[in-house]
1. Give me the accessible area of Met112, 1.4 Å probe, in Å² rounded to the nearest 10.
2. Convert each backbone phi in the range 127-139 into a coupling constant with the Karplus relation 6.51 cos²θ - 1.76 cosθ + 1.60 (shift: θ = phi - 60°), then list the ³J(HN,Hα) values in order as whole Hz, x for Gly and Pro.
3. Leaving out ligands and nucleic acids, and using a 1.4 Å probe, what accessible area per residue does the range 1-134 come to in Å²?
4. Around Gln13, which amide H atoms from residues at least 5 apart in sequence, or from another chain, sit under 5 Å from its own amide H, with H modelled in the peptide plane?
5. Taking amide H positions as placed 1.01 Å from N in the peptide plane, with prolines and chain starts having none, which residues 5 or more places from Phe71, or on another chain, fall under 5 Å of its amide H?
6. Can you work out the FRET efficiency for the pair Ser9 and Gln56, with r the C-beta to C-beta distance and R0 = 30 Å, to the nearest 0.05?
7. So for Ser124, Ser212, what's the accessible-area order with a 1.4 Å probe, most first?
8. State which entries of Lys144/Lys209; Lys59/Lys99; Lys189/Lys238; Lys90/Lys238; Lys189/Lys209 exceed 20 angstrom in Cα-Cα distance in the structure shown.
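The values are calculated or read from the model by the stated rules, or taken from the named source; none is laboratory data. Just so you know, these numbers come straight off a predicted model, no measurement behind them. Cβ coordinates were reconstructed from backbone atoms using ideal geometry, including for glycine residues, and neighbour counts include every protein chain displayed. For accessibility, only protein heavy atoms count, side chains too; no ligands or nucleic acids. Shrake-Rupley method; radii C 1.70, N 1.55, O 1.52, S 1.80 Å.
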Amino acid sequence: IGFDGSSSSRNYQWLFIFNYLVDFQYLLSELTPELIQFRRVVVFYGSKNPTEASQQQWKNLLAGTGNTAEFHRLHPSDPPNTRTNPLPIKFNYGVHHTKCFLVGYEENGKSMCRVVVHTANLVSGDIENQTNSVYHQDFPLKQKTESKKPAVANPYKRKRDSSSSLDDDDDTSQFEEDMITNLESYYYKVRQSWCHPSMSSSNNSLSSKSMSWLQLIRQYDFSSAYVVLIPSVPGRHKADSYNNFGYFKLRQAIIENVCSHQQ
């Protein structure tokens, strides 16, 4: 594993890692020095294997840099509304099993978000001895323009309830809405600056102001996504949200994107 295509002109800003099994020592050995160059790193994982020493080693490498790394072990069978299970319910047979990297970086004066969805646990056996699949795509920041909204609303935009704290002024792609739906299930509410202030220098650069990770992801334009994102979220879901997750979401995507073209 590695940050393919990296160059001396690339500045790493933020990184989210989602996985179930994570060998932090292996991750450090494979991805250093790039890994410690990120301003902010947040890792969500589910395994119970002892990892404190490797996590502390990672934090020690960041000492004096101003960069930070957070580690959140998630297990929905733990008591609800706790650090390890932020869900409002206890769910004995479900886990956060997403395997994904979200990578924020700046290159040639432009801030980008790379979405990487893959099939491997972050352990040497999976990476080096098994065949895996991966999707990755880079997305630029949304461009701020003075143009008026289109007369026709985006029919794929999922309406949110009035309690949502997200900025809902602009039309967004279905890929972005599905991404936000997935991230909301982690209940991560820390607000912080996600890049060095020196990097906020143009309209193509990410703002260094404090924001939530949902607001951070909303900064990027996912309209060019050529895939359908299928969130998998543990818990109990209401009938009006069945088609947002798992097999029902997959079924809906096949109906809309495959069956409709065969008629």
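1. Per-residue accessible area (Met112): approximately 40 Å².
2. 6, 9, 10, 10, 7, 10, 10, 8, 10, 8, 7, 9, 10
3. 46
4. Those qualifying (amide H under 5 Å, at least 5 residues apart or on another chain) are Arg39, Gly104, Tyr105, Glu106.
5. Val43
6. The formula returns an efficiency of 0.40 here.
7. On the way: Ser124 50, Ser212 20 Å².
So the residues, ranked largest to smallest area, are Ser124, Ser212.
8. Details: Lys144/Lys209 17 Å; Lys59/Lys99 23 Å; Lys189/Lys238 23 Å; Lys90/Lys238 16 Å; Lys189/Lys209 16 Å.
Among Lys144/Lys209; Lys59/Lys99; Lys189/Lys238; Lys90/Lys238; Lys189/Lys209, the Cα-Cα distance tops 20 Å for Lys59/Lys99; Lys189/Lys238.
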